[in-house]
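Have a look at the structure below before the remarks.
The values are calculated or read from the model by the stated rules, or taken from the named source; none is laboratory data. Values in this document were obtained by computation on a predicted structure and should not be read as measured data. So basically every Cβ, Gly included, is an ideal-geometry build from the backbone, and we count neighbours across all protein chains shown.
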Amino acid sequence: MENYLLFVVVATVTILSPGPGVILTLSNAIRHGLSGSVGGIVGIAIGTFIVAGISATGLGLLLATSSLAFSILKFVGAAYLLYLGIKLWRSPTVRVSTGHGDKKAVRKQFFEGLALQLTNPKAVFFFLSVFPQFIDFTASSMSQFTVLVVTYSTLVIAIHLVYAYLATSARGWLSSEKGGRLVNRLGGATFVCFGVGLAAADS
C-alpha cells in the first residue's frame, strides 16, 4: 500500500471538517454528555464502513454513473437532514445530565448516526475517488481496501470522541434554559443548511 501516512492525514482532515456527523456528535454530547454521544458515534463509524463497502461494489459504480440514482439518494439524504434539523429546532430545552444514557436512547442515537451516514451520497464518492489513489493495484487490493476502511472508521470514532469531550466542557452554561435553546436553534439550523445545500448540489 502506497502513502499510508498521507492517507491518514487526508482522512483526518476530512473527518475534522465540520459536517452533519460532527454536528450530530456535538449536539448529543452537549445534551446528553460524553457517554450519551457514543451511540451516535458508533453508528456513524459503522455507516462509514458500510458505505465504503457499497462504494467497492456495483452499487457504488451505479451511483457514480447514474444521475437518477445519485439524485434519489441525494434527496433522501437532504430530506433526512431537514428532518433532523426541524426535530432539533422544535425540541424542548432539556437539562443535561451526568449519568449514562439508557439503552433505548443509545440505540436511538446509534440508528440516527447510521442513517445519517448511509444517506450521504458524498461519502460514496469520497471512497470512490480518494481510496483508489492510495491502493497499489499490483498487490491484493481487497486487503489494502480493508486496512484503509478500518483506519478511516477508527479515525471517525477517535476524532468524534474528541469533539464530544470538548463539547462537554461547555455543558455548564448550555444546560441553562437560554443555553439549551441556543443549542437546539443552532444545531437545527445547521442541519437544515446542510440539507438545503445537499439538495441544491449538482449531481
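Residues in the range 171-180: is at least one modelled with pLDDT of 80 or more and surrounded by fewer than 19 Cβ atoms within 10 Å (Cβ to Cβ)?
no
Filter the range 83-105 down to residues that are over 19 Å from A170 (Cα atoms) and crowded, with 19+ Cβ neighbours inside 10 Å and give me whichever is modelled with the highest pLDDT.
Out of the qualifying residues, it is G85.
List pairs: first in the range 124-141 and under 23 Å from G77 (Cβ atoms), second at pLDDT below 70, Cβ under 6 Å, 6+ apart or cross-chain?
Filtered contacts from the range 124-141: V124/G60; V124/L63; L128/G60; L128/A64.
Could you check the range 135-156 and list, in sequence order, the residues that are in a helix (DSSP H, G or I) and surrounded by 17 or more Cβ atoms within 10 Å (Cβ to Cβ)?
Q144, F145, L148, V149, Y152, S153, L155, V156 - these are the residues of the range 135-156 that are in a helix (DSSP H, G or I) and surrounded by 17 or more Cβ atoms within 10 Å (Cβ to Cβ).
Going residue by residue through the range 39-61, is there one that turns out to be within 14 Å of the chain's Cα centre (by Cα), within 25 Å of R185 (Cβ to Cβ), modelled with pLDDT under 80 and in a helix (DSSP H, G or I)?
no
Within the group G21, G33, which residue is small (G, A, S), part of a helix (DSSP H, G or I) and surrounded by fewer than 24 Cβ atoms within 10 Å (Cβ to Cβ)?
G33
Determine, yes or no, whether V124 is in a helix (DSSP H, G or I), within 21 Å of V10 (Cβ to Cβ), of a type in the set (V, I, T) and at pLDDT 85 or above. Can you show your working first?
On the way: in a helix (DSSP H, G or I): yes; within 21 Å of V10 (Cβ to Cβ): yes; of a type in the set (V, I, T): yes; at pLDDT 85 or above: no.
It is false that V124 is in a helix (DSSP H, G or I), within 21 Å of V10 (Cβ to Cβ), of a type in the set (V, I, T) and at pLDDT 85 or above.
For the structure I just gave you, tell me whether K108 is in a helix (DSSP H, G or I) and either buried (at least 19 other Cβ atoms within 10 Å of the Cβ) or modelled with pLDDT of 80 or more (or both).
Yes; evaluated as a whole, the condition is true for this residue.
Take A167 and decide whether it is in contact with a helix residue (DSSP H, G or I) (Cβ under 9 Å, 6 or more places away or on another chain), more than 17 Å from T14 (Cβ to Cβ), surrounded by 20 or more Cβ atoms within 10 Å (Cβ to Cβ) and at pLDDT 70 or above.
Yes.
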